[in-house]
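Structure record follows, encoded as C-alpha coordinates.
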Amino acid sequence: MAEDQVTQQLQHRHMEEALAMAEEAYQVGEVPVGCVFVFKGEVVGRGRNETNISKNGTRHAELVAIDRMLQGGFKLEDFRKTQLYVTVEPCIMCASALRQMNIERVIYGCANDRFGGCESVLRVCDSSTLDGSRYAAEGGCYRDQAILMLRKFYMRENSGAPQPKKKANRVLKTQDLELAKQ
Amino acid sequence: MAAERIECGDYLIERIPITEEQQQLVTEDVYTARIEAARTSDILRFASKSLPKLNGIEHVKRVRRESTDPDNELLVILCQCKMIDREELDTLLRGTEWEESRISVNRVPRYPPYTRDQFEQWKALWPVAYRPPVKLKKLAFSTDEKAYIQMCLSEADELRRQNSNTDNRPVAVVIGNANTRNIVAESTDKTRKTGNPLRHAAMCCIAQVAESEVTRLALKEKSTLQKDNKGDLDGENVHLPLKRTHEECDSEKAESSNDVANYLCEGLDVFSSKEPCVMCTMALVHSRIGRLFFIDESESGGISHYSMHCLKALNHHFTAFKCTRFSTSNSQ
(Lines give C-alpha, C1' and ligand atoms only; values in the text may rest on other atoms or scores of the structure.)
Protein backbone atom coordinates (compact mmCIF):
# COMPACT_ATOMS: atom_id res chain seq x y z
CA MET A 1 0.00 0.00 0.00
CA ALA A 2 2.69 2.46 1.02
CA GLU A 3 4.66 1.53 -2.07
CA ASP A 4 1.61 2.11 -4.24
CA GLN A 5 1.20 5.56 -2.78
CA VAL A 6 4.79 6.45 -3.51
CA THR A 7 4.39 5.25 -7.11
CA GLN A 8 1.21 7.26 -7.45
CA GLN A 9 2.86 10.37 -6.08
CA LEU A 10 5.70 9.98 -8.53
CA GLN A 11 3.26 9.49 -11.40
CA HIS A 12 1.43 12.63 -10.40
CA ARG A 13 4.64 14.60 -10.28
CA HIS A 14 5.55 13.51 -13.82
CA MET A 15 2.07 14.24 -15.12
CA GLU A 16 2.21 17.70 -13.54
CA GLU A 17 5.29 18.36 -15.65
CA ALA A 18 3.47 17.14 -18.73
CA LEU A 19 0.58 19.47 -17.88
CA ALA A 20 3.06 22.35 -17.57
CA MET A 21 4.19 21.59 -21.13
CA ALA A 22 0.56 21.58 -22.26
CA GLU A 23 0.05 24.94 -20.56
CA GLU A 24 3.05 26.28 -22.47
CA ALA A 25 1.43 25.11 -25.72
CA TYR A 26 -1.82 26.80 -24.71
CA GLN A 27 -0.04 30.07 -24.03
CA VAL A 28 1.39 30.20 -27.57
CA GLY A 29 -1.82 29.13 -29.30
CA GLU A 30 -0.99 25.49 -29.91
CA VAL A 31 -3.35 22.59 -29.12
CA PRO A 32 -2.57 22.11 -25.41
CA VAL A 33 -1.00 18.67 -25.26
CA GLY A 34 2.26 18.15 -23.40
CA CYS A 35 4.44 15.22 -22.44
CA VAL A 36 7.54 14.11 -20.58
CA PHE A 37 9.64 10.98 -21.04
CA VAL A 38 10.92 9.37 -17.84
CA PHE A 39 13.98 7.11 -17.64
CA LYS A 40 15.10 5.68 -14.29
CA GLY A 41 12.80 8.09 -12.48
CA GLU A 42 14.24 11.16 -14.18
CA VAL A 43 12.62 13.34 -16.82
CA VAL A 44 14.81 12.91 -19.90
CA GLY A 45 12.64 14.56 -22.54
CA ARG A 46 9.87 17.11 -22.87
CA GLY A 47 7.60 18.14 -25.68
CA ARG A 48 4.44 19.97 -26.53
CA ASN A 49 2.43 20.43 -29.68
CA GLU A 50 4.10 22.54 -32.36
CA THR A 51 1.76 21.95 -35.29
CA ASN A 52 0.67 25.54 -35.87
CA ILE A 53 4.05 27.25 -35.78
CA SER A 54 5.64 24.56 -37.98
CA LYS A 55 2.64 24.26 -40.38
CA ASN A 56 3.24 20.54 -39.93
CA GLY A 57 0.32 18.47 -38.68
CA THR A 58 2.67 15.77 -37.41
CA ARG A 59 4.55 17.88 -34.87
CA HIS A 60 2.77 16.39 -31.89
CA ALA A 61 4.25 16.61 -28.39
CA GLU A 62 5.52 13.01 -28.42
CA LEU A 63 7.34 13.28 -31.76
CA VAL A 64 8.83 16.67 -30.87
CA ALA A 65 10.20 15.25 -27.61
CA ILE A 66 11.60 12.10 -29.28
CA ASP A 67 13.43 14.19 -31.90
CA ARG A 68 15.00 16.37 -29.21
CA MET A 69 16.01 13.40 -27.08
CA LEU A 70 17.77 11.71 -29.99
CA GLN A 71 19.47 14.94 -30.99
CA GLY A 72 20.59 15.34 -27.37
CA GLY A 73 22.24 11.92 -27.42
CA PHE A 74 19.62 9.84 -25.61
CA LYS A 75 20.30 6.23 -26.58
CA LEU A 76 17.81 4.37 -28.75
CA GLU A 77 18.01 1.22 -26.64
CA ASP A 78 17.12 3.17 -23.49
CA PHE A 79 13.61 3.80 -24.82
CA ARG A 80 12.90 0.19 -23.82
CA LYS A 81 13.09 1.30 -20.19
CA THR A 82 11.43 4.67 -20.67
CA GLN A 83 7.87 5.68 -19.79
CA LEU A 84 5.87 8.41 -21.44
CA TYR A 85 3.58 10.75 -19.50
CA VAL A 86 1.29 12.62 -21.86
CA THR A 87 -1.76 14.73 -21.04
CA VAL A 88 -3.91 13.26 -23.85
CA GLU A 89 -4.09 9.69 -25.21
CA PRO A 90 -1.54 9.44 -28.06
CA CYS A 91 -3.11 9.66 -31.51
CA ILE A 92 -2.82 6.72 -33.93
CA MET A 93 0.31 8.21 -35.50
CA CYS A 94 2.08 8.69 -32.17
CA ALA A 95 0.84 5.35 -30.83
CA SER A 96 2.54 3.66 -33.80
CA ALA A 97 5.67 5.82 -33.43
CA LEU A 98 5.93 4.78 -29.76
CA ARG A 99 5.84 1.11 -30.79
CA GLN A 100 8.62 1.73 -33.26
CA MET A 101 10.65 3.42 -30.50
CA ASN A 102 9.98 0.37 -28.26
CA ILE A 103 8.64 2.49 -25.42
CA GLU A 104 8.05 0.58 -22.18
CA ARG A 105 4.82 2.14 -20.97
CA VAL A 106 2.46 5.05 -21.57
CA ILE A 107 0.50 6.94 -18.91
CA TYR A 108 -1.97 9.50 -20.20
CA GLY A 109 -4.55 11.95 -18.88
CA CYS A 110 -7.73 12.01 -20.94
CA ALA A 111 -8.88 9.91 -23.87
CA ASN A 112 -8.62 11.22 -27.42
CA ASP A 113 -12.01 10.45 -28.95
CA ARG A 114 -11.14 11.72 -32.41
CA PHE A 115 -7.71 10.18 -33.04
CA GLY A 116 -6.79 7.98 -30.07
CA GLY A 117 -4.51 5.04 -30.81
CA CYS A 118 -4.56 3.30 -27.41
CA GLU A 119 -8.27 2.81 -26.77
CA SER A 120 -10.51 5.35 -28.48
CA VAL A 121 -10.32 4.78 -32.25
CA LEU A 122 -7.81 1.94 -32.71
CA ARG A 123 -5.75 -0.13 -30.31
CA VAL A 124 -2.34 0.30 -31.88
CA CYS A 125 -0.49 0.00 -28.56
CA ASP A 126 -1.13 -3.69 -28.00
CA SER A 127 -1.91 -5.04 -31.47
CA SER A 128 0.11 -8.20 -31.96
CA THR A 129 0.80 -7.79 -35.68
CA LEU A 130 2.21 -4.29 -36.16
CA ASP A 131 5.78 -2.93 -36.43
CA GLY A 132 7.70 -2.34 -33.21
CA SER A 133 6.80 -3.68 -29.78
CA ARG A 134 3.62 -3.66 -27.77
CA TYR A 135 3.32 -1.51 -24.67
CA ALA A 136 0.86 -1.02 -21.84
CA ALA A 137 -1.11 2.21 -21.90
CA GLU A 138 -3.21 3.54 -19.06
CA GLY A 139 -5.34 6.67 -18.94
CA GLY A 140 -6.97 8.75 -16.23
CA CYS A 141 -4.05 10.46 -14.47
CA TYR A 142 -5.07 14.17 -14.14
CA ARG A 143 -7.74 13.48 -16.74
CA ASP A 144 -9.97 16.43 -15.86
CA GLN A 145 -7.13 18.96 -15.91
CA ALA A 146 -6.17 17.78 -19.39
CA ILE A 147 -9.77 18.06 -20.59
CA LEU A 148 -10.18 21.55 -19.13
CA MET A 149 -7.14 22.77 -21.01
CA LEU A 150 -8.46 21.37 -24.30
CA ARG A 151 -11.86 22.91 -23.69
CA LYS A 152 -10.30 26.29 -22.97
CA PHE A 153 -8.36 25.98 -26.20
CA TYR A 154 -11.36 25.06 -28.31
CA MET A 155 -13.23 28.14 -27.02
CA ARG A 156 -10.87 30.14 -29.20
CA GLU A 157 -11.06 30.39 -32.94
CA ASN A 158 -8.41 28.52 -34.91
CA SER A 159 -7.18 31.16 -37.33
CA GLY A 160 -5.00 28.55 -39.04
CA ALA A 161 -7.96 26.46 -40.20
CA PRO A 162 -9.18 26.92 -43.79
CA GLN A 163 -12.54 28.23 -42.56
CA PRO A 164 -12.29 29.41 -38.97
CA LYS A 165 -15.51 28.83 -37.08
CA LYS A 166 -17.12 31.63 -35.10
CA LYS A 167 -17.24 30.54 -31.50
CA ALA A 168 -18.65 33.59 -29.74
CA ASN A 169 -21.57 31.56 -28.42
CA ARG A 170 -19.53 28.85 -26.80
CA VAL A 171 -19.64 28.43 -23.07
CA LEU A 172 -16.81 26.77 -21.16
CA LYS A 173 -18.26 23.74 -19.40
CA THR A 174 -16.52 22.71 -16.17
CA GLN A 175 -19.23 21.35 -13.91
CA ASP A 176 -18.64 17.76 -14.93
CA LEU A 177 -14.93 17.96 -14.08
CA GLU A 178 -13.35 17.39 -10.69
CA LEU A 179 -10.52 19.84 -10.64
CA ALA A 180 -9.44 19.62 -7.02
CA LYS A 181 -5.86 18.42 -6.69
CA GLN A 182 -5.72 14.66 -7.10
CA MET B 1 -16.77 -7.15 -56.31
CA ALA B 2 -14.58 -6.50 -59.32
CA ALA B 3 -11.89 -3.99 -58.39
CA GLU B 4 -11.53 -0.89 -60.55
CA ARG B 5 -8.32 -0.87 -62.54
CA ILE B 6 -6.77 1.53 -64.95
CA GLU B 7 -3.56 1.30 -66.96
CA CYS B 8 -1.18 4.17 -66.47
CA GLY B 9 2.16 3.91 -68.29
CA ASP B 10 4.28 1.28 -66.55
CA TYR B 11 1.71 0.74 -63.82
CA LEU B 12 -1.65 -0.88 -63.30
CA ILE B 13 -3.58 1.33 -60.87
CA GLU B 14 -6.24 -0.17 -58.71
CA ARG B 15 -8.48 1.81 -56.39
CA ILE B 16 -8.65 0.24 -52.95
CA PRO B 17 -12.29 -0.19 -51.99
CA ILE B 18 -13.59 1.48 -48.87
CA THR B 19 -15.06 -0.56 -46.03
CA GLU B 20 -18.70 -0.12 -47.12
CA GLU B 21 -17.95 -1.51 -50.57
CA GLN B 22 -16.47 -4.67 -49.07
CA GLN B 23 -19.34 -5.20 -46.68
CA GLN B 24 -20.69 -8.72 -46.94
CA LEU B 25 -24.36 -9.43 -46.42
CA VAL B 26 -25.22 -9.28 -42.73
CA THR B 27 -28.79 -10.02 -41.76
CA GLU B 28 -31.14 -9.17 -38.97
CA ASP B 29 -34.35 -10.93 -37.94
CA VAL B 30 -37.75 -9.25 -38.09
CA TYR B 31 -41.28 -10.44 -37.30
CA THR B 32 -43.55 -10.42 -40.29
CA ALA B 33 -47.27 -10.97 -40.72
CA ARG B 34 -48.81 -12.52 -43.82
CA ILE B 35 -51.91 -10.55 -44.69
CA GLU B 36 -54.18 -9.62 -47.61
CA ALA B 37 -52.80 -6.70 -49.59
CA ALA B 38 -55.91 -4.60 -48.89
CA ARG B 39 -55.19 -4.59 -45.13
CA THR B 40 -51.63 -3.21 -45.42
CA SER B 41 -52.30 0.30 -44.23
CA ASP B 42 -54.33 -0.98 -41.29
CA ILE B 43 -51.57 -3.23 -40.01
CA LEU B 44 -48.95 -0.52 -40.47
CA ARG B 45 -51.10 1.88 -38.46
CA PHE B 46 -51.38 -0.75 -35.74
CA ALA B 47 -47.61 -1.39 -35.78
CA SER B 48 -46.71 2.28 -35.51
CA LYS B 49 -49.10 2.70 -32.56
CA SER B 50 -48.51 -0.49 -30.59
CA LEU B 51 -45.16 -2.05 -31.57
CA PRO B 52 -41.53 -0.91 -31.14
CA LYS B 53 -40.38 1.37 -33.99
CA LEU B 54 -37.91 0.10 -36.59
CA ASN B 55 -34.45 1.37 -35.79
CA GLY B 56 -31.38 1.41 -38.08
CA ILE B 57 -32.97 -0.52 -40.95
CA GLU B 58 -34.55 2.44 -42.76
CA HIS B 59 -33.22 1.05 -46.07
CA VAL B 60 -35.41 -2.05 -45.70
CA LYS B 61 -38.80 -1.91 -47.44
CA ARG B 62 -41.69 -2.56 -45.14
CA VAL B 63 -43.57 -4.93 -47.41
CA ARG B 64 -42.68 -7.90 -49.61
CA ARG B 65 -45.01 -9.18 -52.28
CA GLU B 66 -44.80 -12.87 -53.03
CA SER B 67 -44.84 -13.02 -56.80
CA THR B 68 -45.95 -16.64 -56.75
CA ASP B 69 -48.73 -15.98 -54.30
CA PRO B 70 -52.14 -16.58 -55.88
CA ASP B 71 -54.07 -15.05 -52.97
CA ASN B 72 -52.48 -11.62 -53.36
CA GLU B 73 -51.03 -11.75 -49.89
CA LEU B 74 -48.11 -9.70 -48.57
CA LEU B 75 -45.44 -10.06 -45.94
CA VAL B 76 -45.37 -6.94 -43.73
CA ILE B 77 -42.61 -6.22 -41.22
CA LEU B 78 -44.07 -5.76 -37.73
CA CYS B 79 -40.92 -5.04 -35.72
CA GLN B 80 -37.33 -6.13 -35.13
CA CYS B 81 -36.78 -9.34 -33.18
CA LYS B 82 -34.06 -7.70 -31.09
CA MET B 83 -36.66 -5.34 -29.60
CA ILE B 84 -39.13 -7.88 -28.15
CA ASP B 85 -39.30 -11.66 -27.89
CA ARG B 86 -42.03 -13.76 -29.46
CA GLU B 87 -44.07 -14.05 -26.25
CA GLU B 88 -44.19 -10.28 -25.83
CA LEU B 89 -45.27 -9.90 -29.45
CA ASP B 90 -48.07 -12.44 -28.94
CA THR B 91 -49.22 -10.54 -25.84
CA LEU B 92 -49.30 -7.30 -27.82
CA LEU B 93 -51.30 -8.94 -30.60
CA ARG B 94 -53.76 -10.70 -28.30
CA GLY B 95 -57.28 -9.35 -28.60
CA THR B 96 -56.47 -7.33 -31.75
CA GLU B 97 -57.64 -8.10 -35.25
CA TRP B 98 -54.11 -9.32 -36.02
CA GLU B 99 -54.12 -12.13 -33.49
CA GLU B 100 -54.79 -14.68 -36.19
CA SER B 101 -52.41 -13.35 -38.86
CA ARG B 102 -49.61 -15.74 -39.66
CA ILE B 103 -46.55 -14.40 -37.82
CA SER B 104 -43.10 -15.60 -38.82
CA VAL B 105 -39.46 -14.56 -38.54
CA ASN B 106 -37.70 -13.27 -41.68
CA ARG B 107 -34.16 -12.14 -42.40
CA VAL B 108 -33.48 -8.67 -43.84
CA PRO B 109 -30.16 -6.96 -44.78
CA ARG B 110 -28.72 -5.25 -41.71
CA TYR B 111 -26.85 -2.47 -43.62
CA PRO B 112 -27.86 -0.32 -46.58
CA PRO B 113 -26.21 -1.48 -49.85
CA TYR B 114 -23.34 0.80 -50.93
CA THR B 115 -22.59 -0.63 -54.37
CA ARG B 116 -24.95 -1.77 -57.11
CA ASP B 117 -23.58 -5.32 -56.78
CA GLN B 118 -24.52 -5.41 -53.10
CA PHE B 119 -27.95 -4.05 -53.97
CA GLU B 120 -28.59 -6.70 -56.61
CA GLN B 121 -27.46 -9.43 -54.28
CA TRP B 122 -29.10 -8.27 -51.06
CA LYS B 123 -32.51 -7.41 -52.47
CA ALA B 124 -33.00 -11.09 -53.31
CA LEU B 125 -33.32 -11.69 -49.57
CA TRP B 126 -35.74 -8.84 -48.89
CA PRO B 127 -36.50 -5.64 -50.88
CA VAL B 128 -34.22 -2.72 -49.98
CA ALA B 129 -33.91 0.87 -51.18
CA TYR B 130 -30.69 1.90 -52.97
CA ARG B 131 -29.20 5.35 -53.36
CA PRO B 132 -25.89 5.19 -55.23
CA PRO B 133 -23.41 7.31 -53.23
CA VAL B 134 -22.09 10.42 -54.98
CA LYS B 135 -18.57 9.50 -53.84
CA LEU B 136 -18.64 6.28 -55.83
CA LYS B 137 -17.44 7.78 -59.10
CA LYS B 138 -16.00 5.62 -61.81
CA LEU B 139 -12.22 5.57 -61.86
CA ALA B 140 -10.95 7.70 -64.75
CA PHE B 141 -7.78 9.73 -65.41
CA SER B 142 -7.22 12.18 -68.27
CA THR B 143 -4.16 11.74 -70.50
CA ASP B 144 -2.37 14.61 -68.72
CA GLU B 145 -3.20 13.22 -65.34
CA LYS B 146 -1.93 9.80 -66.36
CA ALA B 147 1.36 11.36 -67.43
CA TYR B 148 1.61 13.16 -64.09
CA ILE B 149 0.84 10.01 -62.08
CA GLN B 150 3.31 7.99 -64.15
CA MET B 151 5.99 10.67 -63.61
CA CYS B 152 5.51 10.75 -59.84
CA LEU B 153 5.39 6.96 -59.49
CA SER B 154 8.53 6.43 -61.57
CA GLU B 155 10.30 9.13 -59.57
CA ALA B 156 9.41 7.38 -56.30
CA ASP B 157 10.45 4.03 -57.79
CA GLU B 158 13.73 5.44 -59.08
CA LEU B 159 14.57 7.13 -55.77
CA ARG B 160 13.89 3.90 -53.96
CA ARG B 161 16.17 2.02 -56.32
CA GLN B 162 18.98 4.51 -55.76
CA ASN B 163 18.50 4.25 -52.03
CA SER B 164 18.47 0.46 -51.95
CA ASN B 165 22.27 0.40 -52.09
CA THR B 166 22.58 2.43 -48.92
CA ASP B 167 21.99 1.31 -45.37
CA ASN B 168 18.54 2.87 -45.20
CA ARG B 169 15.37 0.95 -45.82
CA PRO B 170 14.56 1.09 -49.52
CA VAL B 171 11.49 3.29 -49.45
CA ALA B 172 10.92 6.59 -51.24
CA VAL B 173 8.01 9.01 -51.28
CA VAL B 174 7.09 11.82 -53.66
CA ILE B 175 4.41 14.42 -53.00
CA GLY B 176 2.74 15.92 -56.05
CA ASN B 177 0.27 18.67 -56.76
CA ALA B 178 -2.42 17.45 -59.15
CA ASN B 179 -3.38 21.00 -60.21
CA THR B 180 0.07 22.13 -61.31
CA ARG B 181 1.22 18.54 -62.00
CA ASN B 182 4.45 19.28 -60.16
CA ILE B 183 6.46 17.36 -57.63
CA VAL B 184 6.49 19.48 -54.45
CA ALA B 185 8.54 17.20 -52.16
CA GLU B 186 10.49 13.98 -52.33
CA SER B 187 12.47 11.94 -49.88
CA THR B 188 13.92 8.55 -49.19
CA ASP B 189 13.83 6.75 -45.87
CA LYS B 190 16.32 8.44 -43.51
CA THR B 191 16.12 6.26 -40.43
CA ARG B 192 19.70 4.99 -40.57
CA LYS B 193 21.21 8.18 -41.87
CA THR B 194 19.77 10.22 -39.00
CA GLY B 195 19.71 7.50 -36.35
CA ASN B 196 16.05 8.37 -35.83
CA PRO B 197 13.72 5.38 -36.35
CA LEU B 198 10.82 7.72 -37.17
CA ARG B 199 12.43 9.46 -40.15
CA HIS B 200 10.37 7.51 -42.67
CA ALA B 201 10.21 8.88 -46.19
CA ALA B 202 6.59 10.05 -45.83
CA MET B 203 7.34 11.92 -42.59
CA CYS B 204 10.32 13.62 -44.26
CA CYS B 205 8.17 14.69 -47.23
CA ILE B 206 5.46 16.14 -44.98
CA ALA B 207 8.17 18.08 -43.14
CA GLN B 208 9.46 19.44 -46.47
CA VAL B 209 6.02 20.68 -47.49
CA ALA B 210 5.68 22.33 -44.07
CA GLU B 211 9.11 23.96 -44.31
CA SER B 212 8.42 25.44 -47.71
CA GLU B 213 5.13 26.81 -46.45
CA VAL B 214 6.86 28.40 -43.44
CA THR B 215 9.46 29.94 -45.79
CA ARG B 216 6.78 31.19 -48.15
CA LEU B 217 4.85 32.84 -45.33
CA ALA B 218 7.99 34.43 -43.91
CA LEU B 219 8.96 35.88 -47.31
CA LYS B 220 5.44 37.10 -47.87
CA GLU B 221 5.47 38.89 -44.53
CA LYS B 222 8.84 40.40 -45.25
CA SER B 223 7.80 41.68 -48.66
CA THR B 224 4.59 43.18 -47.25
CA LEU B 225 6.68 44.93 -44.59
CA GLN B 226 9.06 46.26 -47.22
CA LYS B 227 6.20 47.49 -49.35
CA ASP B 228 4.67 49.24 -46.35
CA ASN B 229 7.99 50.90 -45.53
CA LYS B 230 8.36 52.16 -49.07
CA GLY B 231 4.96 53.77 -48.83
CA ASP B 232 6.12 55.77 -45.84
CA LEU B 233 9.31 57.00 -47.42
CA ASP B 234 9.68 60.60 -48.36
CA GLY B 235 11.91 62.68 -50.67
CA GLU B 236 15.40 61.34 -50.40
CA ASN B 237 14.54 57.66 -50.28
CA VAL B 238 12.22 57.38 -53.24
CA HIS B 239 14.97 55.94 -55.43
CA LEU B 240 14.07 52.31 -55.50
CA PRO B 241 16.90 49.92 -56.17
CA LEU B 242 17.17 48.98 -59.84
CA LYS B 243 17.98 45.47 -58.93
CA ARG B 244 15.67 43.61 -56.64
CA THR B 245 17.12 41.59 -53.81
CA HIS B 246 17.19 37.82 -53.99
CA GLU B 247 14.53 37.60 -51.34
CA GLU B 248 12.20 39.76 -53.35
CA CYS B 249 12.72 37.65 -56.48
CA ASP B 250 12.27 34.50 -54.48
CA SER B 251 9.16 35.73 -52.80
CA GLU B 252 7.61 36.76 -56.09
CA LYS B 253 8.49 33.42 -57.54
CA ALA B 254 7.03 31.76 -54.52
CA GLU B 255 3.83 33.75 -54.84
CA SER B 256 3.37 33.05 -58.52
CA SER B 257 4.48 29.45 -58.86
CA ASN B 258 3.91 28.01 -55.44
CA ASP B 259 0.42 26.66 -55.65
CA VAL B 260 1.06 24.23 -52.85
CA ALA B 261 -1.97 23.84 -50.61
CA ASN B 262 -1.68 26.35 -47.83
CA TYR B 263 -3.27 24.25 -45.13
CA LEU B 264 -0.87 21.40 -44.37
CA CYS B 265 -0.87 19.00 -47.36
CA GLU B 266 -4.55 19.52 -48.16
CA GLY B 267 -5.45 18.00 -51.52
CA LEU B 268 -1.91 16.91 -52.40
CA ASP B 269 -1.08 13.47 -53.83
CA VAL B 270 1.33 11.12 -52.12
CA PHE B 271 3.25 8.54 -54.17
CA SER B 272 5.08 5.91 -52.14
CA SER B 273 7.21 3.00 -53.25
CA LYS B 274 5.79 1.04 -50.31
CA GLU B 275 2.52 1.15 -48.45
CA PRO B 276 2.98 3.57 -45.51
CA CYS B 277 3.13 2.18 -41.97
CA VAL B 278 0.42 3.06 -39.45
CA MET B 279 2.36 6.10 -38.20
CA CYS B 280 2.85 7.47 -41.71
CA THR B 281 -0.72 6.74 -42.82
CA MET B 282 -2.07 8.64 -39.83
CA ALA B 283 0.39 11.44 -40.59
CA LEU B 284 -1.19 11.61 -44.07
CA VAL B 285 -4.65 11.79 -42.50
CA HIS B 286 -3.49 14.61 -40.19
CA SER B 287 -2.00 16.37 -43.21
CA ARG B 288 -5.30 16.10 -45.15
CA ILE B 289 -3.85 14.63 -48.31
CA GLY B 290 -6.10 14.04 -51.33
CA ARG B 291 -4.86 10.71 -52.73
CA LEU B 292 -2.33 8.04 -51.88
CA PHE B 293 -0.67 5.89 -54.56
CA PHE B 294 1.62 3.12 -53.34
CA ILE B 295 3.50 0.39 -55.15
CA ASP B 296 4.40 -2.44 -52.77
CA GLU B 297 1.79 -3.58 -50.32
CA SER B 298 2.65 -4.08 -46.64
CA GLU B 299 0.72 -6.31 -44.27
CA SER B 300 1.38 -4.01 -41.35
CA GLY B 301 0.58 -0.89 -43.35
CA GLY B 302 -2.15 1.57 -42.41
CA ILE B 303 -4.32 0.67 -45.41
CA SER B 304 -3.96 -3.12 -45.40
CA HIS B 305 -4.13 -3.44 -41.63
CA TYR B 306 -6.71 -0.83 -40.64
CA SER B 307 -8.21 0.67 -43.86
CA MET B 308 -7.24 4.04 -42.43
CA HIS B 309 -8.06 5.86 -45.67
CA CYS B 310 -11.76 5.36 -44.94
CA LEU B 311 -12.13 4.93 -41.17
CA LYS B 312 -15.46 6.46 -40.24
CA ALA B 313 -14.17 7.56 -36.83
CA LEU B 314 -11.53 9.83 -38.37
CA ASN B 315 -12.17 13.38 -39.56
CA HIS B 316 -10.46 13.08 -42.93
CA HIS B 317 -10.52 10.45 -45.66
CA PHE B 318 -8.61 10.01 -48.88
CA THR B 319 -8.65 7.74 -51.91
CA ALA B 320 -5.99 5.03 -51.90
CA PHE B 321 -4.57 3.26 -54.97
CA LYS B 322 -2.38 0.22 -55.26
CA CYS B 323 -0.03 0.48 -58.26
CA THR B 324 1.54 -2.59 -59.80
CA ARG B 325 4.55 -2.38 -62.12
CA PHE B 326 3.94 -4.05 -65.47
CA SER B 327 7.59 -4.86 -66.11
CA THR B 328 9.33 -6.57 -63.25
CA SER B 329 12.62 -6.67 -65.12
CA ASN B 330 14.02 -3.39 -63.82
CA SER B 331 12.75 -3.66 -60.29
CA GLN B 332 15.15 -5.14 -57.82
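Here the 3J(HN,Hα) profile of segment B:195-206, calculated from phi with Karplus coefficients 6.51, -1.76 and 1.60 at θ = phi - 60°, is x, 10, x, 9, 7, 6, 4, 5, 4, 5, 5, 4 Hz, Gly and Pro shown as x. Less than 5 angstrom separates the built amide H of residue A:116 from those of A:121, all sequence-distant by 5 or more or on a different chain. Is any residue of segment B:19-46 close enough, with backbone N under 18 Å, to a label point placed 7 angstrom from the Cα of residue B:96 along the Cα-Cβ axis, and if so, which? Once the point is set 7 Å along Cα→Cβ of residue B:96, B:30-46 turn out to lie under 18 Å by backbone N, inside segment B:19-46. Computed about its Cα centre, the charge dipole of the protein assembly as shown is approximately 360 debye, with only Lys, Arg, Asp and Glu carrying charge at their Cβ.
Going by accessible surface with a 1.4 Å probe and the largest first, B:40, B:180 read B:180, B:40. Placing one equal scatterer on every Cα of segment A:25-182 and applying the Debye formula, the log10 ratio I(q)/I(0) at q = 0.17, 0.18 Å⁻¹ is -1.03, -1.13. Whose amide H sits under 5 Å from the amide H of residue B:296, counting only residues 5 or more places off or on another chain, with H placed in the peptide plane? Placed amide hydrogens put B:274, B:275 under 5 Å from residue B:296. Along the axis of the charge dipole computed for segment B:27-110 (Cβ charges of +1 for Lys and Arg, -1 for Asp and Glu, origin at the Cα centre), the listed residues B:48, B:76, B:109 are led at the positive end by B:109. Dividing the convex hull volume of the alpha carbon atoms of the protein assembly as shown by its residue count gives 255 Å³ per residue.
Summing both sides, the accessible surface hidden between B and A at a 1.4 Å probe radius is close to 2600 Å². Using the Karplus relation 6.51 cos²θ - 1.76 cosθ + 1.60 with θ = phi - 60°, the per-residue 3J(HN,Hα) values for segment B:56-65 come to x, 10, 5, 6, 7, 6, 6, 10, 10, 8 Hz, with x marking Gly and Pro.
Candidates B:206, B:92, B:295 compared by Cα position along the dipole of the protein assembly as shown: farthest toward the positive end lies B:92, with charges placed on Cβ. Here the simple spin-label model places points 7 Å from the Cα toward Cβ, and for residue B:123 and residue B:165 these points are separated by 6.0 nm. Accessible surface area normalised per residue over the protein assembly as shown is 53 Å², counting heavy atoms of protein chains with a 1.4 Å rolling probe. For segment B:27-110, what class follows from the C-alpha gyration tensor (a ≥ b ≥ c being the square roots of its eigenvalues): rounded when a/c is under 1.5, otherwise prolate if a/b is larger than b/c, else oblate? The shape class here is oblate.
Helical content of chain A, expressed as a calculated mean residue ellipticity at 222 nm, amounts to -11000 deg cm²/dmol (DSSP H runs of 4 or more residues, -39,500 (n - 2.57) each, divided by residue number, nearest 500). For segment B:314-327, the Karplus equation 6.51 cos²θ - 1.76 cosθ + 1.60, evaluated at θ = phi - 60°, returns couplings of 8, 8, 9, 10, 9, 8, 10, 10, 9, 10, 10, 5, 6, 9 Hz by residue, with Gly and Pro reported as x. With a cut-off of 11 Å between beta carbons, the residues surrounding residue A:125 carry a summed charge of 0, where Lys and Arg count +1 and Asp and Glu -1.
For the segment B:278-291, counting C-beta atoms of other chains within 10 Å of every residue's C-beta and taking the mean gives 6. What the pair-distance distribution of segment B:65-151 shows, using all Cα-Cα distances binned every 10 Å from zero, is 12, 27, 25, 16, 8, 7, 5, 0 percent. Accessible-area rank, largest first, for B:308, A:155: A:155, B:308, with all protein chains present and a 1.4 angstrom probe. Per-atom-type breakdown for the protein assembly as shown gives carbon and sulfur 48% of the accessible area (1.4 Å probe, protein chains only).
The values are calculated or read from the model by the stated rules, or taken from the named source; none is laboratory data. Since the structure is predicted, the reported quantities are computational estimates derived from the model, not experimental observations. Cβ: placed from backbone, ideal geometry, glycine included. Neighbour counts: every protein chain shown. Calculation scope for accessible area: heavy atoms of the full protein, side chains included, ligands and nucleic acids excluded. Shrake-Rupley method; radii C 1.70, N 1.55, O 1.52, S 1.80 Å.
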